[in-house]
Amino acid sequence: MDLLNTLVDKGLRRELPTRGEALAVLATSDDELLDVVAAAGKVRRQWFGRRVKLNYLVNLKSGLCPEDCSYCSQRLGSKAGILKYTWLKPEEASRAAAAGVAGGAKRVCLVASGRGPTDRDVDRVTRTIEAIKEENEGVEVCACLGLLAEGQADRLRSAGADAYNHNLNTSEGTYGAITTTHTYADRVETVRQAQGAGLSACSGLIAGMGESDEDLVDVVYALRDLDPDSVPVNFLIPFEGTPLAKEWNLTPQRCLRILAMVRFVCPDVEVRLAGGREVHLRSMQPLALHLVNSIFLGDYLTSEGQAGQADLDMIADAGFEVEGAGTTTLPRHRTDAPAGCGTQPAGCGSHADSGAAGGCGPCGGHGDREPATAEAAEPAPGTGADGATRGEDNGVARTDLVAVRRRGAGTDLAPNA
């Protein structure tokens, strides 16, 4: 396909595809899917070889969040039967992190529910980071604590944090339909604060919330402009007890097309296959390794993932290798240049074709597109003769694959790593 040849050429030069080209990737047919994966795989191998970085989540504080993010099982008013507990002690978090490192994780991601940390919370996380670093030489630590107040990113950096995660999640145009207790601009500002403090920025998206192809392209272009070092791609886990419990809009093929589009738009960035991969990609997870260069090992914040050993076996069987602690994840042109957008060496390519999303800010000017409705009573897809909810391309709602985490942090059971 001429489209794929063009996208490969642009990806190898770190040149931004046009919006039309990005949309065309999402519109390819299932018959073209392996060609799409192979093309994006060339770009992935150019910048990351066959390495896969392993990341491990530690949920420091679970549930009881005051925010109303419709996708989240920890949200205000959630009836999902998840674990709920207050802050782990530093030694408890360090033990949980050690299990992930022993399983091959290079980065530990410390996450806490809530709108954002108090200064006391930052003190607590500081002690946790110090405990983890003391016990696990060379491990990277990423914090994810919500919206940051002035000076908090600097304190985390001084404590030894290497990165900060705060996802944009969806397009600016649909954000208000997903969350009302904070804004899209709040999220962008937190990512910029992290970058300004010298932290490696991690910011991504959630697919499958009822968004359009245009929304997906909007948020990925916004991420390109914001220029994080890593972009986690989550696929919605429709927890019962949340407003999006009926949103089963994804198929394995759809997920692969989304990952390919992200790789073409952000060719030299760590693209991470994150939450929901077991639920939506299922047996096609190994194909995704040709598109992403990073995954989470084991379980997630409130849901269970596949066994950690199964992750390792999948990587080896697909012909990839776990990235070692002594290997730098990002290409040299990114690690040698100062963070930030606006210049090609520091970011993931030229912004020449960014259209309405000019400059370093988030995408704007999306017209009058109808936003997805978070509280919709009926799912967007129809239902099949067997009563199972059907997603696009006849995808089936696999509620049997949504398992609440009952082990690891916050429990007396060994973690999955």
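The values are calculated or read from the model by the stated rules, or taken from the named source; none is laboratory data. Computed from a predicted model, the values in this text were never measured in an experiment. Glycine gets a Cβ as well: all are built from the backbone with ideal geometry, and neighbour counts include every protein chain shown. With ligands, DNA and RNA removed, areas are computed over all heavy atoms of the protein, side chains included. Shrake-Rupley method; radii C 1.70, N 1.55, O 1.52, S 1.80 Å.
Scan segment 105-154 for residues that are open to solvent by 70 Å² or more (accessible area, probe 1.4 Å), without any contact (Cβ under 8 Å) to a residue 40 or more places away in the chain and either part of a strand (DSSP E or B) or touching a helix residue (DSSP H, G or I) at 6+ places or on another chain (Cβ under 6 Å) (or both) and the total you get is 1.
A quick yes/no check of all residues on (1) outside any loop (DSSP other than H, G, I, E, B); (2) open to solvent by less than 10 Å² (accessible area, probe 1.4 Å):
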{"site": "ALA177", "(1), (2)": "yes, no"}
{"site": "THR181", "(1), (2)": "no, no"}
{"site": "ALA201", "(1), (2)": "yes, yes"}
{"site": "ASP218", "(1), (2)": "yes, yes"}
{"site": "ALA222", "(1), (2)": "yes, yes"}
{"site": "VAL233", "(1), (2)": "yes, yes"}
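Of the residues in segment 49-62, not one is in contact with a His (Cβ under 7 Å, 6 or more places away or on another chain) and in contact (Cβ under 8 Å) with a residue 40 or more places away in the chain.
Could you run through segment 328-361 and say how many residues are among the hydroxyl-bearing types (Ser, Thr, Tyr) and either surrounded by 14 or more Cβ atoms within 10 Å (Cβ to Cβ) or at pLDDT 95 or above (or both)?
First pass over segment 328-361, keeping only residues among the hydroxyl-bearing types (Ser, Thr, Tyr): 328-329, 335, 343, 350, 354.
From the residues that got through so far, the ones that are either surrounded by 14 or more Cβ atoms within 10 Å (Cβ to Cβ) or at pLDDT 95 or above (or both) too are 328-329, 350, 354.
Qualifying residue count, segment 328-361: 4.
Condition test on LEU226, is it surrounded by fewer than 24 Cβ atoms within 10 Å (Cβ to Cβ) and at pLDDT 95 or above? The answer is yes for LEU226. Of the numbered criteria (1) within 30 Å of ALA105 (Cβ to Cβ); (2) of a type outside the set (Ser, Thr, Tyr); (3) surrounded by 16 or more Cβ atoms within 10 Å (Cβ to Cβ), the one ALA38 fails is (3).
With respect to the conditions (1) assigned to a helix (DSSP H, G or I); (2) touching a residue at least 24 places away in the same chain (Cβ under 8 Å), ARG95 lacks only one, and its number is (2).
The number of residues in segment 7-29 that are assigned to a helix (DSSP H, G or I) and within 24 Å of the chain's Cα centre (by Cα) comes to 13. For segment 247-272, give me the residue count where each residue is within 13 Å of ARG398 (Cβ to Cβ) and in contact with an Asp or Glu (Cβ under 8 Å, 6 or more places away or on another chain). Within segment 247-272, residues that are within 13 Å of ARG398 (Cβ to Cβ) and in contact with an Asp or Glu (Cβ under 8 Å, 6 or more places away or on another chain) number 3. Close Cβ contacts (under 6 Å, 6 or more residues apart or on different chains) running from residues in segment 398-417 that are under 19 Å from GLY103 (Cβ atoms) and at pLDDT 85 or above to residues that are in a strand (DSSP E or B) and of a type in the set (A, V, I, L, M, F, W, C) comprise ALA409/VAL58. Only a single item in (1) in a strand (DSSP E or B); (2) closer than 21 Å to ALA409 by Cβ; (3) within 18 Å of the chain's Cα centre (by Cα) is not met by LYS61, and it is number (3).
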